[in-house]
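Working notes, beginning with the structure itself.
The values are calculated or read from the model by the stated rules, or taken from the named source; none is laboratory data. Since this is a predicted model, take the numbers as computed values, not measurements. We place every Cβ from the backbone using ideal geometry, glycine too, and count neighbours over all the protein chains shown.
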Amino acid sequence: MSVFTEKELEYLAGQRLGRIATVGADGQPHVVPTSFRYSPEYDAIEVGGLRMSQTKKVRDVRHGGRAAIVVDDVLPPWQPRMIEIRGTAEVVPSGGKAFGNNFEDTIVRIRPRRIISYGINPGEQTASARSVNILGVIRRAGCPARPAGLPQAVRPRLPGGSGGRARPRSPARQAAGRTG
């Protein structure tokens, strides 16, 4: 089962160009058009290019471990459609030749954490947005490695929002016998 809906996968399969966004080491955003494909094996978006290993997008992903991609178009007379995928990203040394013989083997793989779509379903004029459970994606894909940006230990959050960490009680709460 994919994190993408059937309609989103159909839309992505019918498109050839997207815009990848990264953030550089200096904190400046960087957006460029790029080729992409959906990888059912990793349930992720893969970005390829002719000189991929030499690009700013690869340097940015190596530095920050995050990226977003927008794929969009407009049907006549004026029906905009789009999907934005934000997530953790990693540079992968192989897989780019699947884009074409002229492409470098290096790719950027974006594992979705947030998916926003608009106009993908016929007659839909509202945006659909959802967060993605990244641990479920990793297990389904059978990925041996933890993607960039994911902490080594993920603790379940306890009721009360403490995330498993005890919070010190204020002197006023201690005096009143209240907890938390």
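What the table below lists for this structure:
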quantity: Pairs where the first residue, in the stretch 78-95, is touching a residue at least 60 places away in the same chain (Cβ under 8 Å) and the second is hydroxyl-bearing (Ser, Thr, Tyr) and buried (at least 20 other Cβ atoms within 10 Å of the Cβ), C-beta under 9 Å, 6+ apart; calculated: Arg81/Tyr11; Arg81/Ser117; Ile83/Tyr11; Ile83/Ser117; Ala89/Thr22
quantity: From the options Val31, Val23, residue that is surrounded by 16 or more Cβ atoms within 10 Å (Cβ to Cβ) and either over 19 Å from the mean Cα position of the chain (by Cα) or closer than 19 Å to Val91 by Cβ (or both); calculated: Val23
quantity: Residue match in the stretch 147-157 (condition: modelled with pLDDT of 90 or more and out of contact with any helix residue (DSSP H, G or I) (no Cβ under 6 Å at 6 or more places or on another chain)); calculated: no
